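Some notes on the structure that comes next.
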Amino acid sequence: MDNLLYVGKSIPRKDGPAKATGRAEYTVDISLPGTLTGKVLRSPYPHARILSIDTSKAQRLYGVKAVVTAADSLKIKHGFVETPRYPADQYPIAVDRVRHVGEEIVGVAAVDEYTADEALSLIEIEYEELPAVFDVEEAMKPGAPEIHPSHEMVNEPYRNIGGKTETSWGDVEEAFAQASLVREDKFYCQMRTHAYMEPQATVAYFDYSGKLNVWTSSMGVFLKRAKLARTLGLPFGSVRVLKTYVGGAFGGKIDLFNHEYIAALLSMKCHQPVKIVYSREEVFKGSRHAQPLIVELKTGVAKDGTIMAQKIRTINDSGAYRGSGVVVIFLAWGFAMAPYRVPNMQYEGYSVYTNNLVHCPQRGHGAPKMRLAAESQLDMIAEELGIDPVEIRLKNARRPGEPLPNGDSVKNFGLIECINEVAKKTDFRNKYGAGKREREKDSKIKHGIGMGVTSYFGGSLVYPNSSSVIVKLNDDASVSLITGAVDLGQGAETVLSQIVAEELGVPIEDVQVNAADTETTTVDIGSWISGLTWVTGNAAKKAAAHAMKKLLDCAAEKLNEDVNDLAVRNKEIFVKHSPDKKITYAQAVAASIAKNKGDSVIGEGHFRTMKEEPTHPSLATAKGRWTENYSCYAQVAEVEVDTETGVVKVLKATTAHDCGFPFNPMLVEGQIDGQVSMGQGQILSEELRIEKGCIINPSFLEYKIPCALDMVDTAYIDVITEKYSRDHHFNIKEVGEGYVSGTVAAVANAVYDATGVRLKQTPFSPDRVLDGLEQIQKKIGK
Amino acid sequence: MKKSQKQLISLKINGQEYELAIHPNRTLLEVLREDLTLTGTKEGCDDGVCGTCTVLLNGAPIRSCLYLAIEAQGKEVTTIEGLAEGERLHPIQQAFIEHGAIQCGYCSPGMILTAKALLDKNPTPTEQDIKLAIAGNFCRCTGYNKIVTAIKAGCQSAEGGQ
Amino acid sequence: MKIPYFDFRAPSTLEEALSIMDDYKGGARVLAGGTDLIPIMKYGLDAPDTIMSLKKITDLRGIKLENKEINIGAMTPLADLLSSHIIKENLRALHQAVEAVAAPPIWNVATIGGNICQNSRCFYYNQSKTWRIERPPCLKAGGNACHAVPKGKKCFSVYSGDLAPALIALKSSVFVERKGRSRILSLQNIFSGNGTAPFTLEKEELLTSIIVPLPDKGTGSSYVKMRFRPSVDYPLLSVAASVSLDGSKKIKETTLVLGAVGPAPVVVAAAGKLLRGGTKDTVDFDALGEILRKGTQMVDNLALPGSYRRKMIPVIAKKAIRAAIE
């Protein structure tokens, strides 16, 4: 990877100046003349039939320009997943039934917020309350209130099953019979949320030419367009989703949100721009949060700690509609089998409806929960067998080239090196057990160290994940990079610019990015599913190479040389053995245009993983390959526990990661830091508390995300397994999601090391840790 | 709904005087964003907790969502738009960009202003001083690590500049 | 969230302010720093027709030491308290309490008077109008239900101010004025102990200054706050302690105050007797712990369960007392 100018370098992000000066325009900043304030009336009940809606008083209120209900809607359903087996199941505006507190029923657009608020208060709705159920295990029982009929593929007498994933290989019972040690544990993972700093916001303007213009805070403009167009009954070409800066998303801004539909519907009624911005309370109460998950894990190992079999059952609370629940139960088994060798497995996952809010993906989408369970249990097994945690992980870690049960291969998998490196750097083996040794002493403050291992994947076919990029060379050889990718803050535009600048040998300042506009840019799935650098990146690389080839061919002709004898430097194409013979890029562009009678120089590139695979993997049958891109990490957390108060502090987090190679080291480090912080929050302090379907802590004051004084000291170790070369597509692995899970698992194990308290329910709030300590004291007292 | 009388007020924002007729119940945040279209200052929670609405009042960071615009009369308000001078970014803005302290950028205006206020008062803060000063500014993207690094670097370059 | 419309008054003298309060018979809500009142208005918990800001009254600001008394104007911003040498050197508990309030930017506008007079809080009360529509109004909101304690008959909202417990431990008094009349009372006596109306002050009265007697030599004080995160958060529990030692370094007198345990700060009367004659190492903290645990009733209306918070009282009290002795 020598001689690279941009790839692999810590290039400062391109949108840095715009953001640092407050000039970056987020959806909340969009302002068009005549913009109306839109507001949504939400159900106060977790489960009710709507008997009647009377909006007449609201409509007559001075300053109200439009009011919409299901009567104005085509009643076309949408869903995060829309497949034949899992069809769309949610109306974009409630028709005759509401199934969660906060479900959207009426939209109003008025001249200002006061009027909109007053209009909402004038709407009269008659409800018939229905029995509701909030606990996932209760909802499955026969006799539970039915939110939706159970999926037809479910033979068991369970109620409210939105979806099921089943897969198995080998013979688990046989393996358990032969195992030296078998452990069974159950873990409860709480509802956490993204807590992005920019609230949900949408501006919709249906103009008089019949075009719907939408600005919305999202992770993928093309997906939003498709869903909006379908639910509104508009052709795709009549819906334009434009680019805005996005103030964080972390998985919470993918699916179509009902307020986006409602804003559009309102605008279609009054032909004025309508802006809906959630209050922070509304974000907590009305938007989608991450999937609470129950993980039941039974693992059998040989005497030396080698995993022989795993039987796993996951139960997910998908909320009132399917949301992404069926995806998380599908991915969960992948997260179980990717980092370690599991020769025999039986997996079943249920996604269950409850009258809670609909849930969606959040950074890791199940991985943090599965890894918490697997890594905690592995440490417990190691302790019972008298093996150290590093040893047992090395034994089970997959090696490069190993085939996976889903038909993939882990390819260049650096997990063994990650585990060794992080253990070395943190002096793990010497520090481990410190907690136990300190326990003999009387100190109130204990220290502990723990490890968490994860594998994540990127660019997968789980969604049709393909990307197209166009590279345009302007007359002066400056470059326009056209892509549908969305920069959420992870640096997408910078990374893509790095690739194009590298391929074309132009200064990165000469690359201007035009992104994320469904009308003017190329299709891209968006910035979720952790594939941007790899999928869109490779498409960008191809596009740039395509444009470069046109230039080189032209130069070869002009200079009368073989194209293989040419090289580029400083925007000039010269002959390798006679460098004075050269032409500038601009001259080459002109020559190309002249030769092709006016056709400008455009390069196009497309990429999708595993093009020869026929289809995406089936959520229900679990058959089908996922991707060619598996990352892996070993993370170590060092914690301090105050045994008088139960408060846990994460002092240091060290991450050894195989992301292929760091495309932009500064951005990669930023991803690791952010995910360590998110992991810290998930395991220690964050919990969205819901009582009878109602979020009772809908504020930053009571939803405890870490502040600067909670900052964890972070360190990183790069394990390089791939490289970038000009000649063919590059392999790189994700950095956007996986680090949360390793952190969560490592902290859990570190808390055990420090105190002997093994918790199986997150978050590890001080009262739970204290309870655990007291129980240990009682046992000792016995 | 009973309304109040608008009052004519004069605000000094980033060194410039503005005359506005506003109701007393408008917060400084609303007036900045809506009446003056200075949208660099962001709303994150409208509750005084997250700090994205931070502006400087006579050089000290405050939550503009909790401050009535009418009470900002006679005081100097600095927003993020007031930091850069022409094409020259403030050393702290430069440091944030160079050290990867900006990801989604939503917390950045508030964070940068809080950092500026800190360095104006204490040009050589310790890491603990920095973390305390920005403890009231939430960031969900960076984990705060590179923000602290950037602020440390920002004070060095401010010193160097002198 | 929009603040409801109100008429705005901004008197420049205390006299004018007291006149206004008298005229409106308590209908003019006092605005100090705004960090308590403005969120309350945004949540629809209060919608006064008239608001009176005290920001223009410079006489209400300032810290003075004279005649062995430290006199602090009610409108003194917390940032000024922090930079005051008088307070840092003599009133350690107060200094620590200010540092414990919220987060640093709040110190630039919040005032000592406003912090003392903040309304009590509860998970279920401090929610917006739309949230509260989903359930019947609670006792504090003028209804009959308690959502923290089902079928509860009294309000368990928690007084969450940091400064008051510290000031009470320092034996502070407050100067309270209304038009034509003023009085001095011990700070703890402005608290009613009633969650639905936490203060005993009359509607037309204004707290104008805080008077803290200069502690004798050999007296130390401290304030320890337990909160979920190291910044931003209100207390889950706090303890203020003022301890004076006699010539042989034994404890002579103790004032121990618990904060965030109920609708008012609680002075632990028994602490003085229990600790007398002890030293840092000989104090029977376990016995103290028993007394502390018994006297308080904490419910699940803050971020962590009441049972946990009650367990923490002796832990935090020990820290506070030890720190005060030092």
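The values are calculated or read from the model by the stated rules, or taken from the named source; none is laboratory data. This is a predicted model, so every value here is computed, not measured. Quick reminder, even Gly has a Cβ in these numbers, built from the backbone with ideal geometry, and neighbours come from all protein chains shown. Remember, those area values only see protein heavy atoms, side chains included, never the ligands or the DNA or RNA. Shrake-Rupley method; radii C 1.70, N 1.55, O 1.52, S 1.80 Å.
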Cβ-defined net charge surrounding residue A:176, 12 Å radius [Lys, Arg +1; Asp, Glu -1]: -1
If you count only protein heavy atoms and use a 1.4 Å probe, how large is the accessible surface of residue C:12, to the nearest 10 Å²? 70 Å²
Which whole number in µm²/s is D for chain C by Stokes-Einstein, with the Kirkwood Rh taken over Cα pairs at 37 °C and 0.692 mPa s? 161 µm²/s
Can you pull the percent of Cα pairs in the protein assembly as shown with separation above 60 Å? 14 percent
Residues of region C:32-144: accessible area per residue at 1.4 Å, in Å²? 38 Å²
Using a probe radius of 1.4 Å on protein heavy atoms only, what is the accessible area buried between chains A and B, both sides summed, to the nearest 100 Å²? 3900 Å²
If you wrap a convex hull around the Cα atoms of region C:219-325, how much volume per residue is inside, in Å³? 90 Å³
Those residues in region A:707-752 that give up at least 20 Å² of accessible surface, probe 1.4 Å, once the partner protein chains are present instead of the chain by itself are A:707, A:708, A:709, A:710, A:711
Test item: Cα-centred dipole of the protein assembly as shown, Lys/Arg +1 and Asp/Glu -1 on Cβ, debye: 2240 debye
Could you give the C-alpha radius of gyration of region B:49-162 expressed as a fraction of 2.2 N^0.38 Å, taking N as the number of residues it contains? 1.01
What accessible area, summed over both chains, is buried at the A-C interface (1.4 Å probe, Å², nearest 100)? 2800 Å²
Charge context of residue B:82, other residues only, Cβ under 12 angstrom, K/R +1, D/E -1: -1
Members of C:252/C:273; A:224/A:692; A:444/C:88 lying beyond 21 Å, as alpha-carbon distances in this model show: A:224/A:692; A:444/C:88
Ignoring everything except DSSP H segments at least 4 long, calculate the 222 nm mean residue ellipticity for chain C; use -39,500 (n - 2.57) per segment, divide by total residues, nearest 500. -8000 deg cm²/dmol
Where the centroid of each part is defined by its Cα atoms, how far is region A:581-595 from region A:32-90 in Å? 57 Å
Over region C:242-326, average the accessible area per residue using a 1.4 Å probe and give it in Å², no decimals. 43 Å²
Surrounding charge for residue C:17, neighbours by C-beta under 12 angstrom, Lys/Arg +1, Asp/Glu -1, total -3
Which positions within region C:265-303 get 40 Å² or more of their accessible surface covered by the other protein chains, compared to the chain by itself, with a 1.4 angstrom probe? C:303
Ranked order, C:225, C:154 - accessible area, probe 1.4 Å, largest first: C:154, C:225
Accessible area per residue, 1.4 Å probe, Å², for chain A: what's the number? 33 Å²
Residues of region C:1-31 with accessible area at least 50 Å² lower in the all-protein-chain context than alone (1.4 Å probe)? C:1, C:2, C:3, C:5, C:6, C:8
Of the convex hull drawn through the C-alpha atoms of region B:7-82, the volume per residue in Å³ is 73 Å³
How much solvent-accessible surface does residue B:97 expose, in Å² to the nearest 10, with a 1.4 Å probe and all protein chains in place? 10 Å²
What is the Rg over Rh value, at two decimals, for region C:1-57, using alpha-carbon atoms and the Kirkwood definition of Rh? 0.97
Provide, for q = 0.16, 0.18 Å⁻¹, the log10 of I(q)/I(0) from a solvent-free Debye sum over equal Cα point scatterers in region A:401-447. -0.63, -0.68
At q = 0.12, 0.13, 0.21, 0.22 Å⁻¹, work out log10 I(q)/I(0) for region A:141-263 with the Debye formula, treating every Cα as an identical point scatterer and leaving solvent out; two decimals please. -0.75, -0.81, -1.13, -1.17
Antiparallel versus total DSSP beta bridges in chain A: what percent is that, nearest 5? 75 percent
In whole angstrom, note down how far apart the Cα centers of region A:699-769 and region C:32-46 are. 37 Å
Would you give the gap between the C-alpha center of region C:192-250 and the C-alpha center of region C:117-142, rounded to a whole Å? 26 Å
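Given +1 on the Cβ of Lys and Arg, -1 on the Cβ of Asp and Glu, and no further charges, what dipole in debye does region C:25-83 carry about its Cα centre, rounded to the nearest 20?
Dipole about the Cα centre, nearest 20: 100 debye.
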Residue A:25 accessible area, 1.4 Å probe, all protein chains in place, Å² to nearest 10: 90 Å²
Mean residue ellipticity at 222 nm from the helices of chain A, using -39,500 (n - 2.57) per DSSP H segment of n ≥ 4 over the full residue count, to the nearest 500 deg cm²/dmol? -9000 deg cm²/dmol
Kyte-Doolittle mean at least 1.6 and Cα axial length at least 30 Å: DSSP H helices in chain A: none
Amide H to amide H under 5 Å from residue A:130: which residues, 5+ apart in sequence or cross-chain, H placed 1.01 Å off N in plane? A:47, A:48, A:49
Heavy atoms only, probe 1.4 Å: what % of the accessible area of the protein assembly as shown goes to carbon and sulfur, would you let me know? 49 percent
Interface size B-C, as summed buried accessible area [1.4 Å probe, Å², nearest 100]: 2500 Å²
